[in-house]
Amino acid sequence: MAYVALSEAEKTFILHGVEEDFRCDGRSRRDYRPMELETGVVSNASGSARLRLANTDILVGVKTEIDVPSPLAPEYGKLEFFVDCSANATPDFEGRGGSDLAQELILSLQNAYESPQAFDYRSLCLIPGQQCWKLYIDILVLECGGNLHDAVSLAAKAALFNTKLPRVTATLLDAGITDLIISDNPYDCTRIGIETAPLLVTVCKIGDYCLVDPTAEEEGCSTVSIVVSVSMRNGEPYLSGTHMTGGGSMHRDTMQNCLQLGLSIGEQLNTLLTKMLKQEQDRVGPKRPKTVGFLK
């Protein structure tokens with residue numbers, strides 16, 4: 001996270017607001033800041049999304065290529081994350097200042113998407129043991145206003161929803177060689193199922209209370225936070241991974257409360273995100289143009 005210098009009086013003010021369940025911006029401990037989401041913002045990517053969570057701005061692009069499946073998982077496709085923290089986001093990211101945070105975000109996403117139950121890797125397989133889709137998910141942090149884990153996971157899931165995979169036809173040649181024919185029609189494509197794709201929910205502990213969507217100032221008042229990975233399966237939220245950030249400790253009962261809060265908020269976020277994506281698709285989604293004249 002970006003370092004924000006706070007005086008003791010400012011930290012006390014934030015702490016008292018959390019205790020009274022009335023934070024500095026008027027939210028309760030369970031509320032998120034205003035969120036704006038756009039999809040299809042990068043024309044030369046297979047899928048893209050831009051998410052603004054108050055002062056946090058994230059841009060995600062997805063590139064696709066055909067690769068060879070891993071010998072340990074011949075029926076699965078591949079997913080690879082890359083995070084870059086722009087030096088314009090905060091002065092702390094100048095030079096190699098954002099490399100540690102970028103690596104932390106990459107590990108968080110890799111752990112969340114590691115399980116086949118959290119993401120359908122089988123849908124990316126073309127020919128078991130021979131050919132599969134490999135997705136490169138490039139994430140750019142344009143502005144850092146707190147709660148990067150949540151914003152990055154939301155933007156990544158939206159970009160996956162927007163990703164279009166060209167339709168592939170397999171043809172068997174002589175000597176058992178399989179040739180792949182990729183359609184060049186931009187409307188002849190398939191979508192990636194994101195129903196079970198996980199979201200990250202950061203639960204921040206300030207004083208004796210836990211809250212979600214911390215601002216950069218609230219993160220400066222916290223000694224420990226827990227990042228909860230929530231995946232939806234059969235309409236129910238499941239815990240697909242957790243990890244702690246910060247140098248503080250957390251009591252067992254407090255951790256249990258944080259996990260329950262993270263699961264509840266993750267379910268709500270997933271419902272809202274799915275609704276937003278469907279509205280965006282209905283508004284500007286791909287529509288096959290009508291053929292006229294001699295093109296019929």
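The values are calculated or read from the model by the stated rules, or taken from the named source; none is laboratory data. Since this is a predicted model, take the numbers as computed values, not measurements. Because the Cβ atoms are built from the backbone with ideal geometry, glycine has one as well, and the counts that use them run over all protein chains shown. Calculation scope for accessible area: heavy atoms of the full protein, side chains included, ligands and nucleic acids excluded. Shrake-Rupley method; radii C 1.70, N 1.55, O 1.52, S 1.80 Å.
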Only strands (runs of 3 or more DSSP E) wholly contained in region 137-218 count here; list those with 1 or more residues that are surrounded by fewer than 22 Cβ atoms within 10 Å (Cβ to Cβ). 164-166, 168-172, 178-182, 189-191, 209-212
Residues of region 1-22 being open to solvent by less than 30 Å² (accessible area, probe 1.4 Å) and modelled with pLDDT of 90 or more, in sequence order, are I14, G17, V18
Kindly check whether there is at least one residue in region 27-45 that is in contact (Cβ under 8 Å) with a residue 40 or more places away in the chain, assigned to a strand (DSSP E or B), open to solvent by less than 40 Å² (accessible area, probe 1.4 Å) and hydrophobic (A, V, I, L, M, F, W, C). yes
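Taking region 97-127 as the search range and keeping residues that are in a loop (DSSP other than H, G, I, E, B) and surrounded by fewer than 19 Cβ atoms within 10 Å (Cβ to Cβ), which one is modelled with the lowest pLDDT? Quick ask: steps written out before the conclusion?
Taking region 97-127 as the starting set, the residues that turn out to be in a loop (DSSP other than H, G, I, E, B) are 97-98, 113-120.
Narrowing further to those that are surrounded by fewer than 19 Cβ atoms within 10 Å (Cβ to Cβ): 97, 114-117, 120.
Numbers: G97: 68, E114: 90, S115: 86, P116: 86, Q117: 87, D120: 90.
The selected residue is G97.
Going by the structure shown, is T12 among the polar types (S, T, N, Q) and in contact with a helix residue (DSSP H, G or I) (Cβ under 8 Å, 6 or more places away or on another chain)?
Numbers: among the polar types (S, T, N, Q): yes; in contact with a helix residue (DSSP H, G or I) (Cβ under 8 Å, 6 or more places away or on another chain): no.
Considered against the rule, which asks whether it is among the polar types (S, T, N, Q) and in contact with a helix residue (DSSP H, G or I) (Cβ under 8 Å, 6 or more places away or on another chain), T12 comes out as no.
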Number of the exception - S222 against (1) polar (S, T, N, Q); (2) in contact with a strand residue (DSSP E or B) (Cβ under 6 Å, 6 or more places away or on another chain); (3) modelled with pLDDT of 90 or more: (3)
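Got a sec? Which of T169, T190, T196 is closer than 21 Å to L269 by Cα, touching a residue at least 12 places away in the same chain (Cβ under 8 Å) and among the β-branched types (V, I, T)?
None of the other options fit; the residue is T196.
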Does L160 satisfy the criteria of being at pLDDT 90 or above and closer than 30 Å to D25 by Cα? no
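Could you count how many residues in region 204-227 are touching a residue at least 60 places away in the same chain (Cβ under 8 Å) and of a type in the set (V, I, T)? Show your work before the answer.
First, the residues of region 204-227 that are touching a residue at least 60 places away in the same chain (Cβ under 8 Å): 206-221, 227.
In the following step, the residues that additionally are of a type in the set (V, I, T) were identified as 206, 212, 215, 227.
Looking only at that region, the number is 4.
Going through E94, E65 one at a time, which residue ends up being open to solvent by 70 Å² or more (accessible area, probe 1.4 Å), closer than 28 Å to C189 by Cα and of a type in the set (D, E)?
On the way: E94 fails: closer than 28 Å to C189 by Cα.
Within the list E94, E65, the selection yields E65.
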Looking at R233, R288, R283 in this structure, which one is at pLDDT 85 or above and more than 23 Å from H16 (Cα to Cα)? R233
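Given the structure, is G61 at pLDDT 95 or above and under 23 Å from L273 (Cβ atoms)?
Details: at pLDDT 95 or above: yes; under 23 Å from L273 (Cβ atoms): yes.
It is true that G61 is at pLDDT 95 or above and under 23 Å from L273 (Cβ atoms).
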So in region 246-284, with the set limited to residues that are surrounded by fewer than 18 Cβ atoms within 10 Å (Cβ to Cβ) and not in a helix (DSSP H, G or I), which one is nearest to the chain's Cα centre (by Cα)? G246
Matching option when the condition is closer than 21 Å to I137 by Cβ, part of a loop (DSSP other than H, G, I, E, B) and over 17 Å from the mean Cα position of the chain (by Cα), among A89, A5: A89
Within region 82-106, how many residues turn out to be closer than 22 Å to G241 by Cα, touching a residue at least 60 places away in the same chain (Cβ under 8 Å) and not acidic (D, E)? 2
